[in-house]
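Participant: Below is a structure I'd like to ask you about.
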Amino acid sequence: MARTTVQEALANTSVGAEIEVKGWVRTFRSNRFIALNDGSTINNIQAVVDFEKIDESILKQINTGACISVKGELVQSMGKGQSVEIQANAVEVLGSADPEEVRKTIMQPKKHSLDLLREQAHLRFRTNTFSAVFRIRHAATIAVHEYFNKNGFYNIHTPIITGSDAEGAGEMFKVTNLDLNNPPKTEDGAIDYSQDFFEKETNLTVSGQLEAELAALALSKVYTFGPTFRAENSNTSRHLAEFWMIEPEVAFNDLDDNMDLAESFLKYVIQYVLDNCKDDLEFLNERFVKEEQAKPKLERSEMSLIEKLNSVVDNNFVRLSYTEAIEILRNSKPNKKGKFKFPVDGWGVDLQSEHERYLVEKHFKCPVVLYDYPANIKAFYMRLNDDGKTVRAMDVLFPGIGEIVGGSQREERYDVLKDKMAAMDIEEKELWWYLETRKFGTCVHSGFGLGFERLVQFVTGMGNIRDVIPFPRTPGKAEF
Ligand code: ATP
Ligand code: MN
C-alpha cells in the first residue's frame, strides 16, 4: 500500500478508502486519539484507535515524538476541528521516543521561547511554527526562480570561493588550507599565500555581483541565488554570517528600470506565497497578531501579517531621493525632539536603521525606495551622476525590516570607473577582469542584491532572522 500524505488524506477526496499514513505523533489523548503530522501540511490528521484491537505494548509506545504508521479507513469525523479522520486498524511503531526525554525537549506540546527553539535547532522542524516557516521558505524559493524564468533571465552560479576582496560589502572569511600552527612565511615575516592552495589569498564571497555583471554583459538578463558570507560582528535581528542572496543583473536597464524590477519581483514572490501557502500563513498570521498585542502600543503593527502582505502587493512603493529623505528626516518630530540616536543634521550622512524605519513605518507607512545617495558612502562601482557628488544607488526599505534590497546602476564608463577605483584605493590588478568589460562593448546596466532571509522574515512575520533559516550562523554560533 502506498503511503498517503496527511495533506492528501485531509483533502477529503478518498473517504471510505483504506489508507496508510506515516508521521510523528504530536499528542495522544485518552488512549484513543492520535494527532499525527508528517510535515506535508500544518494540519494534523486524527487517528482514532480502538484499544481493544491494538496491542498493549504498542499503545504504550504511541508517545509525542514517536514515528508511527497507521493503517485504517478514512471516515467522516464526528468530532469538532477536523472533517475526516482515520479509524485505525493497525498501528506500527517505526521509531519510538522515550517520554521522559521528550519532555525535556521542545517537542513537549506547550509554548516554548524562540531562544530555546534555536538551541534545539535539530528538533525545531517538528514544531508548527518552524514547519510553517520552512514550507514558506521553500515556496518563496520556487517563486524566485519562477519569476526570473518567466521573464527571460538565466540563473548563474557565481563562485563561493573568491580571489577578490574588493567589493567591500562586508568583512570576509578567509579560506586556506595552510597549517595555521606553522604557516609558511615570506622573507619579511608575512604569511606566504603563494604556497596556499590557490597560490593566493582567498575568501568566502560577500556578493556575486561583479561576476554576475560579466555574465549580464553577454546574456543580457541574469540572476544569482546563492550563499553569501559576511564576518560581521553585529548581533542584530537582521544579520547572519551566512545568508542567501538573490542578485539580478540586467544589461540596458537604467536605475528606473532597476527600481521597477525590484518592485515587480518583490510583489510577485509575496503574491505567490499568499496564493500557495494559505494554511501556513493563517497560522503565522495568528501568531503574529498575538506577538504584536504583547508589544507596547507605539511599536505595534497596525495591520495583521496577511493585511501587511496584501498592502505591499496592492500599493505602489514610494520613490524618494536621498536628498528628499534627508529633508523629511531633518524636519521630523523625533529629530527635533532629539529622539534619534544619530541626529540628522545635514546632507551626506549615512542613514541608520532608525531613520529608515521612521520613513517606512511612520512617515509613508509603505515600502520606500531611496535613490541617488552621496557617492562617498556607497561602493565604487555605482554610476556617478552629473552632479558629481551622488551615485545612482537605490535601497528598498520595508516595514519592520529596514533595508531589504540594495542596488545600483553600474558605472559603465571605463575612465570614470578607473578614476573611482584609484580614488577609493581599489587595486586595478585585483579587478583587471572587471575593468576589461568596460573596454569591450560596455553598456548601461543595473542590478541589485536581495537578502532572501529578510524577505522570508517579511512574509512570515518572524522578528528574528535566525528563525527563518534552518541552521543560523551568527557570531559564536555554528552548531548543527
Ligand atoms: P545592511 O546595511 O542591512 O547591513 P548592506 O548595506 O550591508 O545591508 P548590501 O551589501 O547592499 O547590504 O547587500 C544586499 C542585501 O543583502 C541587503 O539589502 C540585505 O537584504 C542583505 N544582507 C546584507 N547583509 C546581510 C546579512 N549579514 N544577513 C542577511 N542579509 C543581509
Ligand atoms: Mn551590512
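The values are calculated or read from the model by the stated rules, or taken from the named source; none is laboratory data. A quick note: this is a predicted structure, and the numbers were derived from the prediction, not measured. Here the Cβ is made from the backbone with ideal geometry for all residues, glycine too, and neighbour counts use every protein chain on show. SASA here: full protein model, heavy atoms, side chains in, ligands and nucleic acids out. Shrake-Rupley method; radii C 1.70, N 1.55, O 1.52, S 1.80 Å.
Participant: Look through segment 435-470, keep the residues that are in contact (Cβ under 8 Å) with a residue 24 or more places away in the chain, more than 14 Å from ligand 1 (Cβ to nearest atom) and surrounded by fewer than 21 Cβ atoms within 10 Å (Cβ to Cβ), and return whichever of them is nearest to residue 165 (Cα to Cα).
Facilitator: Once the filter is applied, the top-ranked residue is 438.
Participant: Out of all the residues in segment 462-470, is one or more in a helix (DSSP H, G or I), closer than 28 Å to residue 279 by Cα and more than 16 Å from ligand 2 (Cβ to nearest atom)?
Facilitator: For segment 462-470, residues in a helix (DSSP H, G or I), closer than 28 Å to residue 279 by Cα and more than 16 Å from ligand 2 (Cβ to nearest atom): present.
Yes/no per residue for (1) under 29 Å from residue 19 (Cβ atoms); (2) open to solvent by 30 Å² or more (accessible area, probe 1.4 Å); (3) assigned to a loop (DSSP other than H, G, I, E, B):
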{"site": "58", "(1), (2), (3)": "yes, yes, no"}
{"site": "73", "(1), (2), (3)": "yes, yes, no"}
{"site": "118", "(1), (2), (3)": "no, yes, no"}
{"site": "132", "(1), (2), (3)": "yes, no, no"}
{"site": "139", "(1), (2), (3)": "yes, no, no"}
{"site": "146", "(1), (2), (3)": "no, yes, no"}
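Participant: A follow-up question, please. Criterion first (at pLDDT 95 or above and in a loop (DSSP other than H, G, I, E, B)) does residue 39 satisfy it?
Facilitator: For residue 39, the condition - at pLDDT 95 or above and in a loop (DSSP other than H, G, I, E, B) - is met.
Participant: Can you pull out every residue in segment 242-273 that is among the acidic types (Asp, Glu) and in contact with a Gly (Cβ under 7 Å, 6 or more places away or on another chain)?
Facilitator: 247, 249, listed by residue number.
Participant: Name, by its number, the condition in (1) within 11 Å of ligand 1 (Cβ to nearest atom); (2) outside any strand (DSSP E or B); (3) under 28 Å from residue 445 (Cβ atoms); (4) open to solvent by 10 Å² or more (accessible area, probe 1.4 Å) that does not hold for residue 237.
Facilitator: Status for residue 237: all satisfied but (3).
Participant: Now for a separate question. Could you run through segment 323-369 and say how many residues are in a helix (DSSP H, G or I), β-branched (Val, Ile, Thr) and over 26 Å from residue 266 (Cβ atoms)?
Facilitator: First pass over segment 323-369, keeping only residues in a helix (DSSP H, G or I): 323-330, 333-336, 353-364.
Still in the running and β-branched (Val, Ile, Thr): 323, 326, 328, 360.
Keeping just the survivors that are over 26 Å from residue 266 (Cβ atoms) gives none.
The qualifying residues number 0.
Participant: If we keep just the residues of segment 240-279 that are more than 26 Å from residue 308 (Cα to Cα) and away from ligand 2 (no atom under 16 Å from the Cβ), which is surrounded by the fewest Cβ atoms within 10 Å (Cβ to Cβ)?
Facilitator: Here the answer is 252.
Participant: A further question on this structure: Can you name every residue in segment 171-203 that is outside any loop (DSSP other than H, G, I, E, B), open to solvent by 80 Å² or more (accessible area, probe 1.4 Å) and closer than 19 Å to residue 161 by Cβ?
Facilitator: Passing the criteria: 174, 195.
Participant: Give me the pairs: first residue in segment 321-333 and within 16 Å of residue 394 (Cβ to Cβ), second residue assigned to a loop (DSSP other than H, G, I, E, B), beta-carbon distance under 6 Å, and six or more apart or on different chains, which are they?
Facilitator: 326/347
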